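Input: a single structure, listed below in structure tokens.
The values are calculated or read from the model by the stated rules, or taken from the named source; none is laboratory data. This structure is a prediction, so every number in the text was calculated from the model and none was measured. Using ideal geometry, Cβ is built from the backbone for each residue, glycine included, and neighbour counts are taken over all protein chains shown. All accessible areas refer to the heavy atoms of the entire protein, side chains included, with ligands and DNA or RNA removed. Shrake-Rupley method; radii C 1.70, N 1.55, O 1.52, S 1.80 Å.
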Amino acid sequence: MTVAVLVPAAGRGERLGPGAPKALRELAGETLLVHAVRGLRGAPSVGPIVVAAPPSEVGQVEQLLAAYDVTVVRGGPERQDSVRLALAVLGPDVDLVLVHDAARALTPPAVVEAVVAALRAGADAVVPVLPVTDTVKRVDGDRVRVTVDRSDLRVAQTPQGFRREVLAAAHAQAGPAATDDAALVERLGLTVDTVPGSEEAFKVTRPFDLLMAEAVLRGRD
Ligand code: CTP
Ligand code: MG
């Protein structure tokens, strides 16, 4: 079965502060996007890769990724649009599709392989997750309403994997924006399975995350 990966990389990175789009920010001398794609190429199951780039940076992204055999498309205004635009250029031979945030730049290839293995075993949709380690409160403004039971809570990471027709159907339906692709599949009433995620698959979102990413890379050397 052919496995493709769509890489939404078109976000501005507002929460990271002023500067280049997030996927083009550097970490240890290379862009987050190059780190992310290198990790994907380290996963033996991965075939075609489609990157959704910031619309003004398509040429630069093609150059950056010239060594990695990827297709680059223009991203859209929301993450969901970027995924849909990348999905639209997949060849007919692709059976399984993973969607992986460029911002999860240090995701270990083993997580990618675990998602693919669950799909090959028959899952429609698969999400890597981690348990919630902090105590979680539901609030009303500044006041705590209730402490949430965290035992059945998980945080969702990427790559999220799907049978191709499931992802296509999920993105074809109308509805409010979702923050991940699995949420769109849930709306279809289909089952989403989980596999263990990795702490190293955290999303670079705020400046502190860049410091953490540098520490992870140092630890790997
Ligand atoms: N993304 C995208 N197209 C968009 C918005 C986001 O491809 N229109 C991508 C980002 O590049 C990132 C992933 O979706 O790899 C997860 O989004 P997020 O972490 O929110 O990144 P940004 O939208 O860039 O960050 P921010 O929300 O802080 O602006
Ligand atoms: Mg965003």
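The set of residues from the range 1-19 being surrounded by 16 or more Cβ atoms within 10 Å (Cβ to Cβ), within 12 Å of ligand 1 (Cβ to nearest atom) and among the small types (G, A, S) comprises A9, A10, G11, G13.
Checking each residue in the range 129-148 for being surrounded by fewer than 10 Cβ atoms within 10 Å (Cβ to Cβ) and within 24 Å of K203 (Cα to Cα) picks out T133, D134, T135, R138. Tell me whether the range 144-154 contains one or more residues that are in contact (Cβ under 8 Å) with a residue 40 or more places away in the chain, under 19 Å from the mean Cα position of the chain (by Cα) and within 26 Å of R41 (Cα to Cα). So far as the range 144-154 goes, no, none of its residues is in contact (Cβ under 8 Å) with a residue 40 or more places away in the chain, under 19 Å from the mean Cα position of the chain (by Cα) and within 26 Å of R41 (Cα to Cα).
Is the range 59-78 home to any residue that is open to solvent by less than 30 Å² (accessible area, probe 1.4 Å), over 18 Å from V126 (Cβ atoms) and either among the charged types (D, E, K, R) or within 16 Å of ligand 2 (Cβ to nearest atom) (or both)?
Yes; the residues of the range 59-78 include at least one that is open to solvent by less than 30 Å² (accessible area, probe 1.4 Å), over 18 Å from V126 (Cβ atoms) and either among the charged types (D, E, K, R) or within 16 Å of ligand 2 (Cβ to nearest atom) (or both).
A Cβ distance below 6 Å, combined with a sequence gap of six or more or placement on separate chains, defines the contacts here; from the range 73-100, residues that are near ligand 1 (Cβ under 9 Å from one of its atoms) reach residues that are open to solvent by 30 Å² or more (accessible area, probe 1.4 Å) in the pairs G76/L85; E78/A177; Q80/A177.
If we scan the range 39-56, do we find a residue that is within 16 Å of ligand 2 (Cβ to nearest atom) and either open to solvent by 20 Å² or more (accessible area, probe 1.4 Å) or part of a helix (DSSP H, G or I) (or both)?
Restricting attention to the range 39-56, the residues satisfying the condition of being within 16 Å of ligand 2 (Cβ to nearest atom) are 52-55.
With the extra rule that they be either open to solvent by 20 Å² or more (accessible area, probe 1.4 Å) or part of a helix (DSSP H, G or I) (or both), the set shrinks to 55.
Within the range 39-56 (the criterion being within 16 Å of ligand 2 (Cβ to nearest atom) and either open to solvent by 20 Å² or more (accessible area, probe 1.4 Å) or part of a helix (DSSP H, G or I) (or both)), the answer is yes, since at least one residue qualifies.
Restricting R41, R15 to residues that are under 24 Å from D95 (Cα atoms) and among the basic types (K, R) narrows the list to R41. On the stretch given as the range 188-204, residues that are in contact (Cβ under 8 Å) with a residue 12 or more places away in the chain and either of a type in the set (S, T, Y) or more than 15 Å from V127 (Cα to Cα) (or both) total 6. Applying the criterion of at least 1 residues that are open to solvent by less than 20 Å² (accessible area, probe 1.4 Å) and under 19 Å from Q80 (Cα atoms) to the strands (runs of 3 or more DSSP E) found wholly in the range 152-221 leaves 160-163. When A67 is tested against (1) in contact (Cβ under 8 Å) with a residue 12 or more places away in the chain; (2) not in a strand (DSSP E or B), just one condition goes unmet, and that condition is (1). Just give me the residues in the range 1-36 being hydroxyl-bearing (S, T, Y) and over 13 Å from A103 (Cα atoms), in sequence order. T2, the sole residue that qualifies.
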